[in-house]
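The values are calculated or read from the model by the stated rules, or taken from the named source; none is laboratory data. This structure is a prediction, so every number in the text was calculated from the model and none was measured. Here the Cβ is made from the backbone with ideal geometry for all residues, glycine too, and neighbour counts use every protein chain on show. For the accessible areas, the whole protein counts, side chains as well, though only heavy atoms, and no ligand, DNA or RNA atoms are used. Shrake-Rupley method; radii C 1.70, N 1.55, O 1.52, S 1.80 Å.
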Amino acid sequence: MTNILPDAATWMPRPRPVRLPYASLGTLFKGRAAVLSQIHDAVRRGGRYGASLTAQAIEGPGGVGKTRAAVEYAWVHRDDYTALLFVTAETPDAMTHDLAALTDVVGLSHLDNQPDEDRRSAVMAWLNANPGWLLILDNVDTEAAATAAGALLDRLTGGHVLLTSRLHGFAHGVEAISLDVLDRTDAAALLLEGTEGSRFATPTDPADSISLAEALGGLPLALEMAAATIRARQRSLADYRRLWSESRDALTGQNEPAISHYHRRVETTLLGAVEMLSADARALLERLAFFAPDPVPESLLDVATPNSATVEATRAALIDLAAHSLVNRAPDAAAFAVPPQVQDATRRSLDATTASRRLIEALGWIDAAFAGDPQNVRSWTALDPLAPHAEAVAGFADTAGIAEPTARLMSMLGSLFQSKSLLARAEPLLRRALAIAEASYGAAHPDVATALNNLATLLQATNRLGEAEPLMRRALAIDEASYGAAHPDVAIALNNLATLLQATNRLGEAEPLMRRHVVIFLMFQRDTGHPHPHRDAALTNYTILLQEMGRGEAEIAAELRTAMTEAGLDSS
């Protein structure tokens, strides 16, 4: 195959960085040769974007195989590129996060614990310094995502970007490549080859494949799901066609008029596949319907799901889903993803009682897994892959009026995003966590104080000190009323408020609060016989404040001795 990126071999890294969501379909990838050639030809002539960067958008409705076409192109032309990279780009934040996650793929793993923006910048610098790569931006389906993708293109050189999108008419000179359903000949060939040796063969298979292909409307996602179900259950094509008709009849009148015929075919095909699933696999799919469309780490399956089967049964359920093409597993089996059309169709198929039960199970599952200190970079490796799913499930739960652990998840996510300097993403979560806590527990509950402090800390970080101060004062008052004046939680609230006052140069107001903060931790040492973990930091902060107030060394030493005396410790 002709190398379309000249002299790539002279600077190609070894090993080549590869991050693609699933393996190639091989000969089962039907009816798209012209599309792959169109992409390939555009790269050879330099495309329409510019000499230093080629960019195309594969456009079309949901379920027509845009992501599959981009991934297949990558596998077919893998020897033409120095790196094959895949990024979920359905929102600006998702694109930033997924770009940041490429640090490990491109050999920048020493940055894995840095904020997302820093890692994203490092990945972009790597791309610009290592020409010849292919980058797939998947699901650029909103105007906000398209704007963010355009801004990214403006900062990249030396490679090839493939976008997949339901939108039409990208700016920035991005060449559009339209994708539609397969014609019936290719669709029938996919069904025949995809079930060869595993279906119950009959003399009418050629005609039955045409009939089923037409019934499924040539929609690749529906065709893949149908072939997988026939393969897994050794059905005949005619038998599956009858099953599909029964499922279609069951859906009649249930779909909203606004839903496209593409979604209708996916929903109908989904029902046919679900009929063949084990009970555990069906339950797992229904829980995953409330997750984000991002890759799910398979390690999550080691976390027990509330009111569900064993971990072993859940792993077997995933294998069953994969056998029916209801999930896509990564080549290294480290992650899997449910196509968004399948998630949407699954949610729509649930009655209210089942939907509520599965949502509660999904919420408990992700809550159990989303553990660790979000402000500690050592926790990010575990929390980052789960964050989009925690956010999605919490959003569904909030809409359903489920207060806990929804508020906890939102608070954790807000702290995680704030630690990564994703402040715009953190603030609405922290505000919503506060609102839920106030509505659930009343205005004077300790959980409300925690939510107030979290939001106030973010406001202070964004220099909105006037908004932060009353929240900190409320939190302090709640903690004092709840725990008493000498509790360590009160000390933390005192420090937060004192630090804010210090930042606004109200040192005289800050000093007694910081002094109380120190005394409380010294009293902890008196009562327990060992220092509180925050004691040394408290002493350091108080010393710095006194220095800012112009106190000399002797005066500072005297103040510290007095604080020790107030706490009942020997100050000698």
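Consider segment 91-120 and keep the residues that are open to solvent by less than 10 Å² (accessible area, probe 1.4 Å) and aliphatic (A, V, I, L, M). The one that is farthest from the chain's Cα centre (by Cα) is L102. Restricting the first member to segment 157-171 and to residues that are in contact (Cβ under 8 Å) with a residue 60 or more places away in the chain and farther than 16 Å from K66 by Cα, and the second to residues that are open to solvent by less than 30 Å² (accessible area, probe 1.4 Å) and assigned to a strand (DSSP E or B), the beta-carbon pairs closer than 6 Å and six or more apart or on different chains are T157/L53; G159/W133; H160/T54; H160/L134. Figure legend. Inter-residue proximity from segment 441-452: first residues on the phi > 0 side of the Ramachandran plot, second residues surrounded by 15 or more Cβ atoms within 10 Å (Cβ to Cβ), beta-carbon distance below 8 Å, spacing 6+ or different chains. Indicated pairs: G442/V448.
Checked against (1) crowded, with 21+ Cβ neighbours inside 10 Å; (2) of a type in the set (G, A, S); (3) over 19 Å from the mean Cα position of the chain (by Cα), A337 passes all but a single condition, namely (3). Looking only at segment 306-334, filter to residues that are of a type outside the set (S, T, N, Q) and either in contact with a His (Cβ under 8 Å, 6 or more places away or on another chain) or buried (at least 22 other Cβ atoms within 10 Å of the Cβ) (or both); which one of those is farthest from H389 (Cα to Cα)? The selected residue is H324. Pairs please, first residue from segment 300-315 and farther than 20 Å from A333 by Cβ, second anywhere and in a loop (DSSP other than H, G, I, E, B), Cβ atoms under 8 Å, 6+ apart in sequence or on different chains. Pairs that qualify, where the first residue is farther than 20 Å from A333 by Cβ and the partner is in a loop (DSSP other than H, G, I, E, B), are A304/T310. Quick one: in segment 214-235, which of the residues that are touching a Lys or Arg at 6+ places or on another chain (Cβ under 6 Å) and part of a loop (DSSP other than H, G, I, E, B) is surrounded by the fewest Cβ atoms within 10 Å (Cβ to Cβ)? In this case the residue turns out to be G217.
Where helices (runs of 4 or more DSSP H) fall wholly inside segment 348-412, the ranges with 2 or more residues that are closer than 16 Å to R287 by Cα are 352-369, 387-399. Test A510 against the stated conditions and say whether it is surrounded by 21 or more Cβ atoms within 10 Å (Cβ to Cβ), touching a helix residue (DSSP H, G or I) at 6+ places or on another chain (Cβ under 6 Å) and over 29 Å from G442 (Cβ atoms). So A510 passes the test. Selection of segment 169-213 for residues being in a loop (DSSP other than H, G, I, E, B), open to solvent by 50 Å² or more (accessible area, probe 1.4 Å) and over 30 Å from L53 (Cα atoms) yields D183, E196, G197, F200, A201, P203, T204. Buried (at least 23 other Cβ atoms within 10 Å of the Cβ), among the charged types (D, E, K, R) and more than 21 Å from T67 (Cα to Cα), is that true of R287? Answer is yes for this residue.
For segment 320-347, what are the residues that are in contact (Cβ under 8 Å) with a residue 24 or more places away in the chain, of a type in the set (A, V, I, L, M) and in a helix (DSSP H, G or I)? Passing the criteria: L321, A323, V342, A345. Contact map, segment 69-87: residues that are closer than 24 Å to H97 by Cβ paired with residues that are assigned to a helix (DSSP H, G or I) and not aliphatic (A, V, I, L, M), Cβ distance under 7 Å, separation 6+ or inter-chain. Pairs shown: L84/R78; V87/D98. For segment 480-489, state whether one or more residues are hydrophobic (A, V, I, L, M, F, W, C), in a helix (DSSP H, G or I) and at pLDDT 90 or above. Within segment 480-489, one or more residues are hydrophobic (A, V, I, L, M, F, W, C), in a helix (DSSP H, G or I) and at pLDDT 90 or above.
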